[in-house]
Amino acid sequence: MRFPPEARNPWALSRQSTAPAMRVRLVADRGPDDERLPTIMALKKTICQDEERLELARNEVEVLRRASHEGRHVGREFIVQYFSHKELPCQDGGSVRTEVHLLMEWCGGGSLLPRILKDETVAIARCPNMLEVEVVVVLRQTALALAFLHSLGIAHYDLKPENVLFTDGDVRLCDFGSASSRQWQDMSTETSRQTVREVELFFAHRTTPMFRPPELADPDLVRLPIGTPADVFMLGLCLYQMLFAVHAFPLEGRLANIHVRYSLPEGADNYYSPGLLATLVALLSRDPRKRPVAEELSVTGLLRPAER
């Protein structure tokens with residue numbers, strides 16, 4: 001079968017890719033094995049110039065394949081659907097590199113980021129930004145996707161608005177190159193320097209610095225447990241942007257992430273409910289052991305008062 005590109009899709013640029021995903025149509029040679037495939041899909045091409053980038057690309061494929069094989073669980077429907085993949089060796093001058101082609105669900109609604117920015121360059125907080133009813137739907141569906149992923153023992157480790165897509169009004173979580181089952185739940189001041197260095201090397205090219213929780217912003221200094229609660233903190237940062245259009249730590253740099261230094265715009269409580277603002281504060285808890293688990297948001301998108 002052939003998959004000629006019809007249009008570029010800007011949402012799927014990734015840190016290890018030099019080309020975006022493309023909207024493709026299955027136009028010929030459709031065999032019995034292809035009957036389950038939709039006519040329109042997304043083709044993500046990842047150009048891997050070294051083993052590290054190839055490992056990240058293969059990791060994304062493996063996470064999506066595993067999710068698709070356990071697809072009867074609640075929350076799976078909010079993860080982008082995997083269809084197929086292949087690895088292609090190619091020549092680049094005198095060197096040989098690998099291209100990983102990943103065929104997956106086409107999400108025509110774009111990402112969360114344009115819904116936050118509303119086609120504007122935002123330098124200062126805008127309150128209100130998105131409507132609460134819309135925010136809560138996105139929050140709940142993304143939390144369900146995370147809860148499903150966490151039930152498999154996998155942390156996403158790179159949640160941000162660009163990785164939350166939409167199709168037919170529903171969320172699809174994407175970009176699993178940084179996802180991993182590796183967690184360091186015993187990280188503390190007693191952790192050896194060797195283990196800390198292992199953590200630093202593991203996350204050197206994973207996660208987006210602005211979205212790192214304290215335990216990832218500086219593992220050596222902070223010495224807090226590392227695992228699925230990192231995703232919950234990143235969800236809190238996405239929530240902050242949905243409410244106020246800007247990042248919680250826009251100019252502060254790494255120290256703001258380490259100390260969770262942010263403030264709510266004046267009048268926020270006039271536009272958003274106490275439950276939503278309390279949920280935001282809980283998600284952005286500095287100590288990962290005090291953050292809610294994603295499943296706690298799966299019913300209404302908000303934490304119930306008794307849960308905090």
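Which members of segment 258-277 meet the condition of being among the aliphatic types (A, V, I, L, M) and over 19 Å from residue 303 (Cα atoms)?
Once the filter is applied, which keeps residues that are among the aliphatic types (A, V, I, L, M) and over 19 Å from residue 303 (Cα atoms), segment 258-277 yields 258, 260.
Considering segment 59-78 alone, what residues qualify as being part of a loop (DSSP other than H, G, I, E, B), in contact (Cβ under 8 Å) with a residue 12 or more places away in the chain and not hydrophobic (A, V, I, L, M, F, W, C)?
Those that are part of a loop (DSSP other than H, G, I, E, B), in contact (Cβ under 8 Å) with a residue 12 or more places away in the chain and not hydrophobic (A, V, I, L, M, F, W, C): 70, 73, 75.
Would you mind stating whether residue 166 is surrounded by fewer than 20 Cβ atoms within 10 Å (Cβ to Cβ), not in a loop (DSSP other than H, G, I, E, B) and not acidic (Asp, Glu)? Before the answer, list the steps.
On the way: surrounded by fewer than 20 Cβ atoms within 10 Å (Cβ to Cβ): yes; not in a loop (DSSP other than H, G, I, E, B): yes; not acidic (Asp, Glu): yes.
Yes: the conditions hold for residue 166.
If residue 202 satisfies every condition in (1) closer than 27 Å to residue 176 by Cβ; (2) in contact with a helix residue (DSSP H, G or I) (Cβ under 9 Å, 6 or more places away or on another chain); (3) without any contact (Cβ under 8 Å) to a residue 40 or more places away in the chain; (4) of a type outside the set (S, T, N, Q) but one, which is the exception?
If we test residue 202 against (1) closer than 27 Å to residue 176 by Cβ; (2) in contact with a helix residue (DSSP H, G or I) (Cβ under 9 Å, 6 or more places away or on another chain); (3) without any contact (Cβ under 8 Å) to a residue 40 or more places away in the chain; (4) of a type outside the set (S, T, N, Q), just (2) comes out false.
Which members of segment 153-198 meet the condition of being within 20 Å of the chain's Cα centre (by Cα) and acidic (Asp, Glu)? Steps first, answer last, please.
Filtering segment 153-198 down to residues within 20 Å of the chain's Cα centre (by Cα) leaves 153-184.
Scanning segment 153-198 gives 158, 162, 168, 170, 175.
Can you tell me which residue in segment 169-180 is nearest to residue 209 (Cα to Cα), limited to those that are in a loop (DSSP other than H, G, I, E, B) and touching a Leu at 6+ places or on another chain (Cβ under 8 Å)?
Applying the filter and picking the extreme gives 178.
Identify the single condition in (1) touching a His at 6+ places or on another chain (Cβ under 9 Å); (2) at pLDDT 90 or above that residue 41 does not satisfy, given that it satisfies every other one.
Only one criterion in (1) touching a His at 6+ places or on another chain (Cβ under 9 Å); (2) at pLDDT 90 or above is unmet by residue 41, namely (1).
When you look at residue 128, is it more than 18 Å from residue 60 (Cα to Cα) and out of contact with any strand residue (DSSP E or B) (no Cβ under 7 Å at 6 or more places or on another chain), yes or no?
In short, yes.
Mind checking which helices (runs of 4 or more DSSP H) fall wholly inside segment 221-304 and carry at least 1 residues that are of a type in the set (Ser, Thr, Tyr) and surrounded by fewer than 24 Cβ atoms within 10 Å (Cβ to Cβ)?
Qualifying helices (runs of 4 or more DSSP H): 229-244, 268-271.
May I ask you to list the residues in segment 90-140 that are β-branched (Val, Ile, Thr), touching a residue at least 24 places away in the same chain (Cβ under 8 Å) and surrounded by fewer than 18 Cβ atoms within 10 Å (Cβ to Cβ)?
Within segment 90-140, 122, 124, 137 meet the criteria.
Tell me which of these residue 138 doesn't satisfy, since it passes every other one: (1) in a strand (DSSP E or B); (2) under 26 Å from residue 210 (Cα atoms).
(1)
A quick yes/no check of all residues on (1) free of Cβ contacts under 8 Å to residues at least 60 places away in the same chain; (2) touching a strand residue (DSSP E or B) at 6+ places or on another chain (Cβ under 7 Å); (3) over 22 Å from residue 131 (Cα atoms):
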site: 226; (1), (2), (3): no, yes, yes
site: 254; (1), (2), (3): yes, no, yes
site: 264; (1), (2), (3): yes, no, no
site: 268; (1), (2), (3): no, no, no
site: 291; (1), (2), (3): no, no, yes
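In segment 211-247, which residues are within 18 Å of residue 294 (Cα to Cα), of a type in the set (Phe, Trp, Tyr) and in contact with a Pro (Cβ under 8 Å, 6 or more places away or on another chain)?
Within segment 211-247, just 233 meets the criteria.
Looking only at segment 141-159, count how many residues are closer than 21 Å to residue 296 by Cβ and part of a loop (DSSP other than H, G, I, E, B).
6
With the condition kept exactly as written, say whether any residue in segment 108-120 is farther than 28 Å from residue 240 by Cα, touching a strand residue (DSSP E or B) at 6+ places or on another chain (Cβ under 6 Å) and either at pLDDT 95 or above or in a strand (DSSP E or B) (or both). Lay out the reasoning, then the answer.
Narrowing segment 108-120 to residues farther than 28 Å from residue 240 by Cα: none.
No, because not a single residue in segment 108-120 is farther than 28 Å from residue 240 by Cα, touching a strand residue (DSSP E or B) at 6+ places or on another chain (Cβ under 6 Å) and either at pLDDT 95 or above or in a strand (DSSP E or B) (or both).
The values are calculated or read from the model by the stated rules, or taken from the named source; none is laboratory data. Computed from a predicted structure; not experimentally measured. Note: ideal-geometry Cβ built from the backbone for every residue, glycine included; neighbour counts use all protein chains shown.
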